[in-house]
1. Which one of 349, 337 is of a type in the set (S, T, N, Q), within 26 Å of residue 374 (Cβ to Cβ) and in contact (Cβ under 8 Å) with a residue 40 or more places away in the chain?
2. Any residue that is without any contact (Cβ under 8 Å) to a residue 40 or more places away in the chain, farther than 20 Å from residue 106 by Cβ and within 28 Å of the chain's Cα centre (by Cα) - is there at least one of those in the range 173-190?
3. For the condition surrounded by fewer than 24 Cβ atoms within 10 Å (Cβ to Cβ) and either part of a helix (DSSP H, G or I) or not assigned by TED's automatic domain parsing to the domain that holds residue 534 (or both), what is the one hit in 485, 422, 446?
4. Right, residue 313: closer than 23 Å to residue 94 by Cα, not hydroxyl-bearing (Ser, Thr, Tyr) and not in a helix (DSSP H, G or I) or not?
Amino acid sequence: MTRSSRSSKAVTTGALVAVGTMLAVGLSSGPAGANADPSASQKVIEQARSGKMPVKLSPTERGALLQAAANARAETAAAIGLGSQERLLPTEVIKDQDGSVHTRYERTFAGLPVLGGDLTVHQGADGDIASTTWATRATITVPSTQATVPASRASAAAVAKAKADDVTKAAITGTPRLVVWAGSGTPTLAWESVVGGLQHDGTPNELHVISDARTGAELYSYQAVMNGTGNSMYSGTVTIGTSGSYQMNDTSRGGHKTYNLNGGTSGTGTLFTDADDVWGNGTYTDPQTAGVDAHYGAQLTWDYYKTVHGRNGIRNDGVGAYSRTHYYTNYVNAFWQDSCFCMTYGDGQNNRKPLTSIDVAAHEMTHGVTSNTARLVYSGESGGLNEGTSDIFAAAVEFWANNPSDKGDYLVGEKIDIYGTGKPLRYMDQPSKDGSSKDYWYSGIGNIDVHYSSGVANHFFYLLSEGSGTKTVNGVTYNSPTYDGLPVPGIGRQNAEKIWYLALTKYMQSTTNYAGARKATLDAATELFGLGSATYNTVANTWAAVNVGSRVS
């Protein structure tokens, strides 16, 4: 395995260190579709309309917009045709440079949360509603809001399901809540039970089980802890943000802190501190090294989102999350948890290969961004899109960081060599090369692991960025096929990033599937480049290249 320079000690304001861990965020793949080798023509590079890009909102400005939405929620509900028992709860807001405002809402029915009932209202600069994007258009109503199945029965069934999945210490977290399930089919009165404990590999368990409150039948389930796999140290000597008292507390980025769990599995652990602001030695033997990697990756990801997309932190409120390193023992994984608003990193095999690279941090932090925007449910096709989104922005951050020790590429885990074969864990240009991920959409893709179904999103993003056929980027040669054997030209990575970000933050909803993602990206392309533009047509044709929808030209 090639390692980065391990020059470890050099003094600077912030702190210098050597380390970085290449991520392996969820394996995925699976051969499918035509064995095409199309050569794409020159890329389609158009200038995005500046007025449709988000403005950077201060926490005060964002708060004021959310408060205005809350004050007008009854009027908004009536304007978009909600029933008399439905209420809107604003959760997120984006303002464009041209004054347009996009507000996300959760819904309640008769005071009960509606799962899968989220929507986004799009208003022009004049305040008039231009359109609404819905997770479901089903009429939200249930025959009764009184459960006939007791909460205890729902809890017992949820715990039994967790135990069947080899969860240890399985127990209900809190109290099951009565909800309306609208994620699929007819809206149904349901219990939502959350089961804690530890998954088979030591990952925290937050299994959500939705069951019919009148029959007890399971309607849906998903895991709220979003994880991946990987290991190694690669970022070289870097500068990180610390506080004046030499703590890993980045006061310039929302107070992001990095902690040492020292093998624990709960709590925050101990905040990393240092006597001289010179951190780590570039190897696993110094616990600070993994802390530096995690801190540096979080710093880069914060800066990428703010600089490129105008996003002020994961929640867009200027508040930093926190990182926990040295989780458990021999833990070969990393994960994001909404419940703690934090990223957590294991130390890998034999506690020698911390999973704390640029890719890992960007991937896990992006799960947080997704949780605070589209809220893509971590199951089925929406779960694959959730994982794919994290892979997409992991690659985007890696390219943007331009770190010579970890150059940007469309390979995931290329420096880890976790199997000793010298091969990456994931290939965005042709996901099926890893043996499990899928290159193309098919009707059963929502039934496989989200780390494998994400291959369709990864393949789409690569093709949209670079085009099909053989090409070399940053010294790496790719050869990306298409489902129909026809070429696609690509639009350039920066425009592809803008389209995916706008699709995620404005148009995708919690239950969006691949067909919905196609529509969301076309809506974003229309905003940025115009309906029927060369970019718009390329987006549509690139989805067809992964077997989602048809070509338009």
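1. On the way: 349 fails: within 26 Å of residue 374 (Cβ to Cβ).
Sole residue among the options that is of a type in the set (S, T, N, Q), within 26 Å of residue 374 (Cβ to Cβ) and in contact (Cβ under 8 Å) with a residue 40 or more places away in the chain: 337.
2. Yes, the range 173-190 contains a residue that is without any contact (Cβ under 8 Å) to a residue 40 or more places away in the chain, farther than 20 Å from residue 106 by Cβ and within 28 Å of the chain's Cα centre (by Cα).
3. Details: 485 fails: either part of a helix (DSSP H, G or I) or not assigned by TED's automatic domain parsing to the domain that holds residue 534 (or both); 422 fails: either part of a helix (DSSP H, G or I) or not assigned by TED's automatic domain parsing to the domain that holds residue 534 (or both).
Of 485, 422, 446, the one residue that is surrounded by fewer than 24 Cβ atoms within 10 Å (Cβ to Cβ) and either part of a helix (DSSP H, G or I) or not assigned by TED's automatic domain parsing to the domain that holds residue 534 (or both) is 446.
4. Taking the combined requirement at face value, the residue satisfies it.
Rundown of residues vs (1) at positive phi; (2) part of a strand (DSSP E or B); (3) not assigned by TED's automatic domain parsing to the domain that holds residue 479, yes/no style:
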residue: 345; (1), (2), (3): no, yes, yes
residue: 373; (1), (2), (3): no, no, yes
residue: 386; (1), (2), (3): no, no, no
residue: 394; (1), (2), (3): no, no, no
residue: 409; (1), (2), (3): no, no, no
residue: 429; (1), (2), (3): no, no, no
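The values are calculated or read from the model by the stated rules, or taken from the named source; none is laboratory data. Here the structure is a predicted model, which means the values were calculated and not measured. Using ideal geometry, Cβ is built from the backbone for each residue, glycine included, and neighbour counts are taken over all protein chains shown.
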